[in-house]
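Undergrad: I'd like to ask you about the structure that follows.
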Amino acid sequence: MPNHADFKTNVSTSSNINVTATLVAQPESSQQTKPDHQVIGEVLPIAVIIVLVNSLVFYLFFKRKRLRSPTNCLLLSLALCDFVTGFISIPLFIVVVVRVIKPPASAHFGVFVVIFNNLTAISAAYHILAITLERYFSITKPFVYRQLTKKSMLKVALFVWFVSTTIAFMPYAWFSKKLTDPVSYSKTQFGYVVFCLTFVFLVPCILIVVSQVFMFKTIARRGGRSLTCREGSRQKARNDKKCLIIFALMAIIYLACWLPWFILSLYFSLWFPLGQESLEILSNLAQVFGIFRFVTSVVNPVLYTFFKRDFLDAFKLLILKKRPPKRNLTSVYQKKTLIYSPAACNGNTEECEYVSVL
């Protein structure tokens, strides 16, 4: 059975690609590994794609005024988070893996890179949660939602960044224990990872699922309300469902990309030794998910650029130079809100009022 130091050394030696995970626990031991220049060819193309597709989102948003809705303000903030992943996080990851910075500065730099990667992961999770809750209020509480403005959504985005930054940089509070009390440091780090799994993944996931269920039920109920409201409300219901499916896919893909990485981090932060066979399995998994976690920063902008109608129309108009076909609308639009008379909606105007989504 290997001791605590052997555990950290074996993990970092068997896989250079997972160096960011081992750096959380004991960066000085991982300095024994040789630079892995192959990782540049594996992750640099992903970084380039991330920067390009999210830059496209920025261009469409600032060139097309119709895209500047409350929902899209949060999407813009999420695009910024993804852009930072490709423009900063991945290059920093490469710097650590190829050993550009030498000891002893590399130990502190490695911890900073891990924390910065966690910042983008936490921020993305809370952005998806904020977007889902924004859709929830727009569909279930239309009158309350009408009081929200783009400025309100920008404040929400800033709050998301503040909370994410606070959680991500918490490990610096006990970083000094690494040299004075390594076991205590590892136990504290283990508790931190459990905290992240609970409040960054589990709780937001439950809130997203519950919100999605309530929203789909509300849309289904409104879509079949009455014969008078049927045509307009069903068209709006289809648009809402498509939008919800896009955001649900974003949440699912995010969990698939980042949850395994944080689970692996949970094992890397253990303060007791593991067997050699377990180390090899962890190393192989870390080699896969070390790169796979960045995929979500490509998928997010692709989903809402090519599948969300307003972004797709802007893409066709500004990039492809094609005007989108005119749509026949039988409903009366007023400030992007579908309004029906109380008589047509069985006396319940709130049930027949929708805030424009797509």
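The values are calculated or read from the model by the stated rules, or taken from the named source; none is laboratory data. Not measured: the values here are computed from a predicted model. As a convention, Cβ positions derive from the backbone with ideal geometry for all residues, glycine included, and neighbour counts pool all protein chains shown.
Undergrad: Checking K236 against (1) modelled with pLDDT of 85 or more; (2) in contact with a strand residue (DSSP E or B) (Cβ under 6 Å, 6 or more places away or on another chain): exactly one of these is not met. Which one?
TA: Only one criterion is unmet by K236, namely (1).
Undergrad: Look through the range 239-291, keep the residues that are more than 26 Å from the chain's Cα centre (by Cα) and assigned to a helix (DSSP H, G or I), and return whichever of them is modelled with the highest pLDDT.
TA: Selected residue: I281.
Undergrad: Got a sec? Which of Y340, Y333 is closer than 24 Å to L148 by Cα, surrounded by 15 or more Cβ atoms within 10 Å (Cβ to Cβ), at pLDDT below 65 and aromatic (F, W, Y)?
TA: Residue meeting the stated conditions: Y340.
Undergrad: Could I ask something else about it? Could you pull out the residue among L44, L56, L52, L76 that is assigned to a helix (DSSP H, G or I) and either closer than 23 Å to S138 by Cβ or modelled with pLDDT under 90 (or both)?
TA: None of the others qualify; the one that does is L76.
Undergrad: Within the group L158, L129, which residue is at pLDDT 90 or above, surrounded by fewer than 19 Cβ atoms within 10 Å (Cβ to Cβ) and either touching a helix residue (DSSP H, G or I) at 6+ places or on another chain (Cβ under 6 Å) or in a helix (DSSP H, G or I) (or both)?
TA: That would be L158, the only listed residue that is at pLDDT 90 or above, surrounded by fewer than 19 Cβ atoms within 10 Å (Cβ to Cβ) and either touching a helix residue (DSSP H, G or I) at 6+ places or on another chain (Cβ under 6 Å) or in a helix (DSSP H, G or I) (or both).
Undergrad: Quick check on the range 208-232: of everything there that is under 21 Å from I252 (Cα atoms) and loosely packed, with under 14 Cβ neighbours inside 10 Å, which residue is modelled with the highest pLDDT?
TA: Among residues in the range 208-232 that are under 21 Å from I252 (Cα atoms) and loosely packed, with under 14 Cβ neighbours inside 10 Å, the one modelled with the highest pLDDT is V210.
Undergrad: Still on this model: So F93 clears everything in (1) crowded, with 23+ Cβ neighbours inside 10 Å; (2) in contact with a strand residue (DSSP E or B) (Cβ under 9 Å, 6 or more places away or on another chain); (3) among the aromatic types (F, W, Y) except one condition, right? Which one?
TA: Here F93 clears every test but (2).
Undergrad: Output the number of the condition that R99 fails; it satisfies all remaining conditions of (1) surrounded by 23 or more Cβ atoms within 10 Å (Cβ to Cβ); (2) touching a Pro at 6+ places or on another chain (Cβ under 9 Å); (3) of a type outside the set (G, A, S).
TA: So the condition that R99 fails would be (1).
Undergrad: Still on this model: Only one of N54, N117 is closer than 26 Å to K316 by Cβ and among the polar types (S, T, N, Q). Can you tell me which?
TA: Of the residues listed, the single one that is closer than 26 Å to K316 by Cβ and among the polar types (S, T, N, Q) is N54.
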